[in-house]
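Presented below is the structure to which this report refers.
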Amino acid sequence: MNIKIKNTQSVWLILIILLLIVSCREVEVIPNKDIQEWTFETHSDLNGVNYDVVFPKDIVNRIDIVFSPSEYKTIRSNLAKLITEADGPNDLTDNKPIYSPCDLYFNGTEWYHVGIRYKGNSSLYGANNNGNEKLPLRLKFDAFEDEYPEIKNQRFYGFQHLSLGSNYNDPSFMREKIATELFRDFGVPAVKTAFYEVYVDEGTGTPVYNGLYTLDEVVFDTMLNSVFGSNTGNCYKPNGSGSMFSLNEFTLSDFEKKTNEEIADFSDIEELYEVLHSPLRTSDVEAWKANLERVFDVQGFLKYLAVNNTIQNWDTYGNMRHNYYLYHDPADGLIKWIVWDNNEAFQGGAAQLQAVSLSMSEVSSDWPLISFLIDVDSYEQDYKAYLRDFVENYYNPARMEIIFDNYYNLILSGVTSETSKYTSLFAGSDDFETAVKKMKEFCVSRNEAIMLYLN
């Protein structure tokens, strides 16, 4: 009899434990019945990210963005105000456009009250002033969850944020896509990208083709987890003079936190700056190197330089004070370099600003992450080895010819369907044909230049 009682007690104890475990799990709460197309797979924040659907390699997706008349008026009025008040494109960095709600449709499914805003600097400012209505966009799927509780934690196949680049001033439509993939292929942290045809209903009931866009995932949303396996370290988006790390310009206010925003701890960035400018650099270079490699992923940065200098991406560190992220990776304690916004690559420069040379000998101490590192003979040799590896195995004409042709065939229809109000192709599809040809020629010329430099 005692045995039966003990067995019964054990069964009840197990049941109670199981109930406690189940009750502690986060349960997916389906919003109210008015949000009829909400599913666990498509809208939930608990199902993980679906890269295959959102970032396909061999198809061009279509999305439809639908505004009410008042929503569209709000977003356009705000943009007009910011443009009027701005002295130039850089002013838009500090004064970001506001989010407005819209509805988004993809593969017959609706996402509700999605936050949308304009983004960018020259791509936004220049296009708007030229009367080009194809403008870069940023999406945040739960931006209006306070106003509409039924969309709390809404995601797009697991993505909270997405960025739509307009391929402004890029008649090939390929720069951002190919540059980012080359970085990733070579082991340099970068986001995933995909081509999208974007249609916009401004509140008239009629969708209008706004052109072929490049969709980027957002670094601090999903990329950190997918590349580093975590998002708990400090992630920074530097912008302004402090981002140079130069001796007289460094300021922590130029390092915008994208994770751990509520914790005012910038000690990792401060340590990198202090090690970089330590007197050991000139008195004991081996000790300086050891200290630097303890806090900064030096080899990862040298790999980045090899790719960036090859494709002549001039709109970033070494020339410009933006367009990169830093992540303090808790796995090894090192600060990692993350590339961002590569649409100015594959050309020698712009106006009077030229891309950094292969030797980087002209780069001043105002950009110490380049000038200090390349002054060290062993680092220079590592950089040259990465250059050779990159052009021989990744960015060689034979391999790139296939990639260029594949993307040409993939996006041809989307490119040629653009209309004069929503395009940067001032000479029509001829611009596209010429630009793709130039991409191939650029690859050949850069391979020749690098072999000459190395030999």
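Check 422, 383, 407, 379 and return the single one that is touching a helix residue (DSSP H, G or I) at 6+ places or on another chain (Cβ under 9 Å) and either surrounded by fewer than 19 Cβ atoms within 10 Å (Cβ to Cβ) or not assigned by TED's automatic domain parsing to the domain that holds residue 246 (or both). Give the steps one after another, and end with the answer.
Values: 422 fails: touching a helix residue (DSSP H, G or I) at 6+ places or on another chain (Cβ under 9 Å); 383 fails: either surrounded by fewer than 19 Cβ atoms within 10 Å (Cβ to Cβ) or not assigned by TED's automatic domain parsing to the domain that holds residue 246 (or both); 379 fails: either surrounded by fewer than 19 Cβ atoms within 10 Å (Cβ to Cβ) or not assigned by TED's automatic domain parsing to the domain that holds residue 246 (or both).
The match here is 407.
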Residues of segment 341-353 classified as assigned to a strand (DSSP E or B) and either more than 21 Å from residue 182 (Cβ to Cβ) or in the same structural domain as residue 177 (by TED's automatic domain parsing) (or both), total: 1
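If only one of 449, 385 is small (Gly, Ala, Ser), assigned to a helix (DSSP H, G or I) and farther than 30 Å from residue 277 by Cβ, which one is it? Walk me through how you get there before you give the answer.
Working: 385 fails: farther than 30 Å from residue 277 by Cβ.
449 is the lone residue from the list that is small (Gly, Ala, Ser), assigned to a helix (DSSP H, G or I) and farther than 30 Å from residue 277 by Cβ.
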Residue identified as more than 26 Å from residue 56 (Cα to Cα), without any contact (Cβ under 8 Å) to a residue 12 or more places away in the chain and of a type outside the set (Ser, Thr, Tyr) among 398, 385: 385
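Looking at residue 127, is it assigned to a helix (DSSP H, G or I) and either crowded, with 19+ Cβ neighbours inside 10 Å or assigned by TED's automatic domain parsing to the domain that holds residue 322 (or both)?
On the way: assigned to a helix (DSSP H, G or I): yes; either crowded, with 19+ Cβ neighbours inside 10 Å or assigned by TED's automatic domain parsing to the domain that holds residue 322 (or both): yes.
Yes.
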Return the residue satisfying two criteria in turn: it lies in segment 191-222 and is of a type in the set (S, T, N, Q) and in a strand (DSSP E or B), and of such residues it is farthest from residue 135 (Cα to Cα). 193
Could we say that residue 146 is within 18 Å of residue 114 (Cα to Cα), without any contact (Cβ under 8 Å) to a residue 12 or more places away in the chain and not polar (S, T, N, Q) here? yes
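If the requirement is being closer than 17 Å to residue 213 by Cα and touching a residue at least 12 places away in the same chain (Cβ under 8 Å), which of these qualifies: 453, 407? Spell out the reasoning first.
On the way: 453 fails: closer than 17 Å to residue 213 by Cα.
When all the criteria are applied, what remains is 407.
Name the single residue that is farthest from the chain's Cα centre (by Cα) among those in segment 428-455 being of a type in the set (Asp, Glu) and over 18 Å from residue 310 (Cα atoms). Give the derivation first.
Applying the first criterion (of a type in the set (Asp, Glu)) to segment 428-455 yields 430-431, 433, 441, 448.
Within this subset, residues satisfying the condition of being over 18 Å from residue 310 (Cα atoms) are 430-431, 433.
Working: 430: 29, 431: 26, 433: 27 Å.
Taking the candidates together, the pick is 430.
Quick one: which of 392, 433, 362 is at pLDDT 95 or above and under 26 Å from residue 197 (Cβ atoms)? Full working, then the answer.
Details: 392 fails: under 26 Å from residue 197 (Cβ atoms); 362 fails: under 26 Å from residue 197 (Cβ atoms).
Within the list 392, 433, 362, the selection yields 433.
The values are calculated or read from the model by the stated rules, or taken from the named source; none is laboratory data. Note that the structure is a prediction, hence the values are computed from the model and not measured. Neighbour counts run over all protein chains shown; Cβ positions are idealised from the backbone, glycine included.
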